[in-house]
Each structure stands twice: as C-alpha cells, then as structure tokens.
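The values are calculated or read from the model by the stated rules, or taken from the named source; none is laboratory data. Predicted model only: the values in this text are computed from it and were never measured. Glycine also receives a Cβ, built like all others from the backbone with ideal geometry; neighbour counts cover every protein chain displayed.
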Amino acid sequence: MQENRVVAKYLGVFFAAALASGCSVSPEETGSGASGRADAALGKSVYTINCSEVVQPEESVELDGIDGLMDDHQYYAALARIEAMSLDTQTHWLMWAQLLGHVGQLDYSEEVFGSIVNSCGSSRAYHGLGVVLVKQQKLQAAREMLESAKAMAPADASIRNDFGYALIKSGEYGRAAFELRTAYELAHGRGAATHNMVAAYYLNGGQAALDELRNDVQVSEKQLRAGVELAIRILGDAS
C-alpha cells in the first residue's frame with residue numbers, strides 16, 4: 001500500500017549524509033484554507049494533522065511520482081511536489097516531514113513528526129521522529145521514540161533496524177546486536193540490517209563474535225568487511 005512506502009524509505013536513512021539546507025515552503029505559505037494543510041508557519045508547532053490512512057486513487061498517482069523522485073535522490077523536487085498537494089492523509093504528512101529531513105531541515109522535520117506523533121500516535125510517526133532525532137544526535141530521545149514504534153509494530157524490520165542503529169550509536173552493543181539480528185531475519189537478509197548487525201556483533205564481541213555470526217547466518221565476506229568498516233566509523237564518530 002502507498003502509505004507503507006513512507007516507512008520503507010527510512011531503512012538506511014542513517015547512512016545518507018545530510019544535504020545542504022534549503023528554503024522550504026512553510027505551512028503558512030502553502031495556505032491554510034486547503035483541507036489538511038498546516039495552518040501556521042513552521043516554528044509555531046501548530047498544525048492541523050489529518051490522520052486518515054486512506055489515499056485516494058488520484059493522489060496515489062502523484063505520490064508515486066514523488067516516490068520516483070525520492071528514489072532518484074531528487075529530494076528538493078520531491079519536497080516541492082508534496083508541498084503543492086493538499087495534505088489529506090497521514091501518509092502525506094509523513095512524507096513531507098521525511099523530505100524536510102532529507103534537505104537538511106532537521107528542526108522542521110522534528111517539529112512536524114512530533115506533531116504527527118501527538119495527533120496520530122502511529123508507529124510510523126514515532127519511527128520517523130526517532131530517525132530524525134538520531135540524525136541530530138539526540139540519542140536518548142531517539143531511543144525512546146524508536147522503542148515506542150517497536151512496541152506498536154514489533155515485526156517491522158525497518159523499525160527494529162533503526163532502533164538497533166540508535167543503540168549502536170549509544171554504545172549499547174549487546175542490545176543492538178539483538179535488535180539487528182531480529183531486523184536481519186525479518187528482512188530475510190536484505191537491506192541495511194546486515195551491515196548494522198555485523199557492526200553490532202563486532203563492537204560487542206570482536207572477531208570471536210563475527211566467527212560465531214558467520215556460522216549462524218549466511219553473511220558474505222564482503223558484508224562482514226563492510227560491517228566492520230561501519231563499526232570503525234561509528235567508533236571514530238564517538239571519539
């Protein structure tokens with residue numbers, strides 16, 4: 001379903017460097033008269049969030065086009081397209097908040113995600129807010145948001161992956177290894193969870209842990225090397 005694609009795009013978002021900040025259209029500038037549009041300028045934290053999960057067929061066509069732009073990393077164009085739409089569903093709001101983060105407007109992204117959390121309380125909203133908080137190095141708050149998302153959707157591989165990554169960044173390597181092994185199995189070995197899992201195992205137990213992991217799961221030598229390199233980068237960032 002269209003609304004589920006928003007969450008899927010969060011997977012691996014931690015590995016993308018923040019893009020240079022651009023000047024986004026504020027809710028006030030987009031107009032408060034349209035259904036579901038934010039009704040105050042960014043920074044006021046006053047939004048009229050529509051929590052509906054129902055995306056109309058004609059909206060799906062436009063959202064598919066925005067998805068294509070995001071797949072091509074054309075985030076500024078995608079942001080302009082979503083801001084030209086009436087934000088009639090939670091999917092629209094989540095996509096807008098996510099795109100604000102992609103163009104480096106992390107404070108605004110956090111603000112909008114926070115409003116969606118307060119209005120809708122969905123796992124997708126908690127997940128998105130947690131991702132943005134990790135990118136801002138607000139790790140304690142990020143863990144709380146991602147743990148809430150996990151409690152609501154424990155079988156969501158992307159949530160477990162991002163929660164595990166937040167735990168790695170926080171130095172909780174044992175817990176991270178558990179979450180990321182879970183994400184790896186839920187995702188059937190696909191996506192960013194593999195490298196994250198290897199990094200967590202390495203940070204938690206060194207080469208012995210990697211040898212044990214190699215015996216348990218189908219991880220290639222290339223994936224092992226990439227995971228160890230990720231672990232080293234994380235340690236470097238923390239120093």
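The table below gives the values:
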quantity	calculated
Residue satisfying condition, being part of a loop (DSSP other than H, G, I, E, B) and over 16 Å from the mean Cα position of the chain (by Cα), within set Val219, Val198	Val219
Total residues in the range 152-178, condition hydrophobic (A, V, I, L, M, F, W, C) and free of Cβ contacts under 8 Å to residues at least 24 places away in the same chain	1
His195 vs. criteria over 19 Å from Ala141 (Cα atoms) and at pLDDT 95 or above	yes
Which listed residue, of Leu63, Leu106, Leu139, is buried (at least 20 other Cβ atoms within 10 Å of the Cβ) and out of contact with any Cys (no Cβ under 7 Å at 6 or more places or on another chain)	Leu63
Residues within the range 135-160 that are under 14 Å from Ser123 (Cα atoms) and part of a helix (DSSP H, G or I), tallied	15
